[in-house]
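The values are calculated or read from the model by the stated rules, or taken from the named source; none is laboratory data. Everything quoted here is computed from the prediction, not taken from an experiment. Cβ coordinates were reconstructed from backbone atoms using ideal geometry, including for glycine residues, and neighbour counts include every protein chain displayed.
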Amino acid sequence: NWTMVNIVEEQVERIRAQVGSKRVICGLSGGVDSAVAAALVQRAVGDQLTCVFVDHGLLRKGEAEQVEKDFVAATGVSLKVVDAQERFLDALAGATDPEDKRKIIGREFIRVFEQAAREVVAEAGESDESVEFLVQGTLYPDIVESGGGTGTANIKSHHNVGGLPDDLQFQLVEPLRELFKDEVRRVGEELGLPAEMVWRQPFPGPGLGIRIIGEVTRERLDILREADAIAREELSRAGLDRDIWQCPVVLLADVRSVGVQGDGRTYGHPVVLRPVTSEDAMTADWARVPYDVLATISNRITNEVREINRVTLDVTSKPPGTIEWE
Ligand code: XMP
């Protein structure tokens with residue numbers, strides 16, 4: 001695809017011109033955007049780049065492994081992994097308000113990332129080079145929604161725009177700043193990233209933390225991770241990955257309802273399926289997923305995830321509902 005080849009070449013040139021022979025650091029979130037941004041920078045300046053992956057424990061099933069193995073295999077990038085799962089759970093204990101949760105996750109992320117960045121800087125310092133650039137996988141819609149581009153009101157506090165402390169001075173490299181999601185995916189393909197990674201649904205930085213309505217605990221994360229994996233597996237099996245923008249699975253952790261499973265009465269939690277179609281996430285419609293696919297997802301979740309006894313479907317467009325529930 002010519003357009004994508006052009007975008008890649010143009011960005012590679014721009015990145016080279018911007019960073020010269022300095023070192024660059026990039027945080028990988030497990031999402032498409034940071035992966036493609038990192039791959040572009042890797043293409044442009046090779047081992048001047050170090051990636052940092054903060055595992056906050058809020059990722060979907062298999063995603064941490066995908067970053068640590070498949071992404072590294074595809075790009076040859078040098079990666080530093082920080083296991084911060086305990087730290088995030090401790091920080092989130094007791095928090096239930098959506099904006100509080102987002103702020104806590106954003107704050108902890110920055111602290112952990114900052115620490116890792118200092119280590120990368122220190123290691124580079126020993127070899128007499130300096131780290132001066134930070135890659136961000138910011139897309140055009142992120143800038144608009146965070147009020148950065150057009151002065152639009154801030155709807156939710158996205159933590160992927162701005163936000164590093166003053167004493168860590170990096171210049172930003174934002175190679176996806178002018179792109180929409182579908183273009184980012186095509187750039188990713190052009191760069192040879194694995195299809196499962198490039199075509200993966202968008203996933204918010206705060207991860208499963210904002211898909212548990214109520215307090216985030218390890219048990220709840222495990223429950224949601226299983227239900228989410230089943231929904232993703234069945235949507236893929238039905239060939240719907242490219243028709244559906246994303247399908248958050250939301251755990252209503254403080255709600256219980258009575259059910260009957262096997263011989264017994266249950267008192268479990270509901271999950272909400274939130275499949276949407278969209279061009280750019282700024283507006284969305286609920287996806288008309290075939291009934292038989294919904295039936296399979298529902299049967300499997302209630303059979304395989306003991307704590308869940310009810311599966312519901314969100315049929316709200318955006319606006320008025322946002323895609324995520326928090
Ligand atoms: P909403 O819920 O605002 O979501 O309709 C729009 C799109 O943005 C994703 N999203 C986020 N992405 N950090 C991110 O990187 C965030 O804090 C965040 N919050 C929402 C969401 O999944 C959807 O694709």
Residues of the stretch 180-196 being surrounded by fewer than 22 Cβ atoms within 10 Å (Cβ to Cβ) and either assigned to a loop (DSSP other than H, G, I, E, B) or away from the ligand (no atom under 15 Å from the Cβ) (or both), in sequence order, are PHE180, GLU183, ARG186, GLU189, GLU190, LEU191, GLY192, PRO194, ALA195, GLU196
Any hit, the stretch 266-275, residues being on the phi < 0 side of the Ramachandran plot, not basic (Lys, Arg) and not in a strand (DSSP E or B): yes
Quick count over the stretch 55-66, residues being under 14 Å from GLY205 (Cβ atoms) and in a helix (DSSP H, G or I), is 1
Taking the stretch 1-39 and keeping residues outside any helix (DSSP H, G or I) and surrounded by fewer than 19 Cβ atoms within 10 Å (Cβ to Cβ) leaves ASN1, GLY20, SER21, LYS22
Note on GLY57: of the conditions (1) buried (at least 18 other Cβ atoms within 10 Å of the Cβ); (2) under 24 Å from VAL173 (Cβ atoms); (3) in contact (Cβ under 8 Å) with a residue 60 or more places away in the chain; (4) of a type outside the set (A, V, I, L, M, F, W, C), unmet is (2)
Looking across the stretch 232-256 at residues that are in a loop (DSSP other than H, G, I, E, B) and within 15 Å of the chain's Cα centre (by Cα), the single one that is farthest from the ligand (Cβ to nearest atom) is CYS247
Taking first residues from the stretch 313-326 that are within 13 Å of PRO248 (Cα to Cα) and second residues anywhere that are buried (at least 17 other Cβ atoms within 10 Å of the Cβ) and of a type in the set (S, T, N, Q), the pairs with Cβ under 8 Å that are 6 or more apart or on different chains are ILE323/GLN246; ILE323/SER278
Just one listed residue, out of THR316, THR322, is farther than 26 Å from GLY30 by Cα, assigned to a loop (DSSP other than H, G, I, E, B) and within 16 Å of the ligand (Cβ to nearest atom), and it is THR316
Item to check | Hey, GLY207 on the phi > 0 side of the Ramachandran plot and within 16 Å of the ligand (Cβ to nearest atom) or not | outcome: yes
So for the stretch 77-87 (the condition being in contact with a strand residue (DSSP E or B) (Cβ under 7 Å, 6 or more places away or on another chain), in a helix (DSSP H, G or I) and within 21 Å of GLY30 (Cβ to Cβ)), does at least one residue qualify? yes
From the option list ASP241, ASP228, single residue qualifying as under 20 Å from ALA74 (Cβ atoms) and either touching a Phe, Trp or Tyr at 6+ places or on another chain (Cβ under 7 Å) or modelled with pLDDT of 95 or more (or both) is ASP241
Contact list, first residue from the stretch 166-195 and free of Cβ contacts under 8 Å to residues at least 60 places away in the same chain, second anywhere and surrounded by 21 or more Cβ atoms within 10 Å (Cβ to Cβ) and among the aliphatic types (A, V, I, L, M), beta-carbon distance below 8 Å, six or more apart or interchain, is LEU168/ALA117; LEU172/VAL135; ARG177/LEU139
Just to be sure before I move on: is ARG102 under 25 Å from the mean Cα position of the chain (by Cα) and modelled with pLDDT under 90 in the structure I sent? no
